[in-house]
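To keep things clear, I will list the structure first and then write my remarks on it.
The values are calculated or read from the model by the stated rules, or taken from the named source; none is laboratory data. Since this is a predicted model, take the numbers as computed values, not measurements. Cβ: placed from backbone, ideal geometry, glycine included. Neighbour counts: every protein chain shown. The accessibility values were calculated without ligands, DNA or RNA, using every heavy atom of the protein model including side chains. Shrake-Rupley method; radii C 1.70, N 1.55, O 1.52, S 1.80 Å.
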Amino acid sequence: MSFLISDAMAQGAGAPPGGDAMPLLFLIGMFVIMYFFMIRPQVKRQKEHKKLLEALSKGDEVQTMGGLVGKITEVGDNFVKVEIADNTVVAIRRTAVEAVLPKGSLKEM
């Protein structure tokens, strides 16, 4: 059956030294690039958002992730009450607050 499989007469030249490290270096390089372009900015945004939520106080004008804009009337541990119109107050989760607007923004709308 040797006519189907050729016999190896001599061992061929081996891989160059250090050739096996290239895939590992490529993998490490891709992780470093992904860290600086994806993971690090996301962690930075999360820290900024957490700091914004901790600084919420009564009278701040805020915008929620749902698009509501109003003035905070009451601040609780997990919820804030936002006045979105005269005598219209809604309770929203603190984490739903997307941005604190400059004072007087509601009068411009």
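Worth pointing out:
- A simple count of charges around Met38, restricted to other residues whose Cβ falls under 14 Å of its Cβ and scoring Lys, Arg +1 and Asp, Glu -1, yields +3.
- Cα→Cβ-extended label distance, 7 Å offset, between Lys51 and Lys103, nm: 2.1 nm
- Residues whose amide H lies under 5 Å from that of Phe79, counting only those 5 or more places away or on a different chain, are Arg94; hydrogens are built 1.01 Å from N in the peptide plane.
- Under-5 Å amide H pairs with Asp60, H placed in peptide plane, nonlocal only: Ile72
- Counting charges near Asp60 (Lys, Arg +1; Asp, Glu -1) among other residues having Cβ under 15 Å from its Cβ returns a value of +2.
- Charge dipole (debye, nearest 20) of the range 13-91; +1 at Cβ of Lys and Arg, -1 at Cβ of Asp and Glu: 240 debye
- His49 sits among other residues whose Cβ lies under 14 Å from its own Cβ, and their net charge, with Lys and Arg +1 and Asp and Glu -1, is +4.
- Greater than 20 Å apart at Cα, pairs in Lys47/Lys81; Lys47/Lys71; Lys58/Lys103; Lys58/Lys107: Lys47/Lys81; Lys47/Lys71
- Projected label points at Leu68 and Lys44, each 7 Å from Cα along the beta carbon direction, are separated by 3.2 nanometres.
- Heavy-atom surface of the range 56-109, accessible at 1.4 Å and reported per residue (Å²): 65 Å²
- Approximating the spin labels as points 7 Å out from Cα along Cα→Cβ, the Ile28-to-Val89 distance works out to 5.9 nm.
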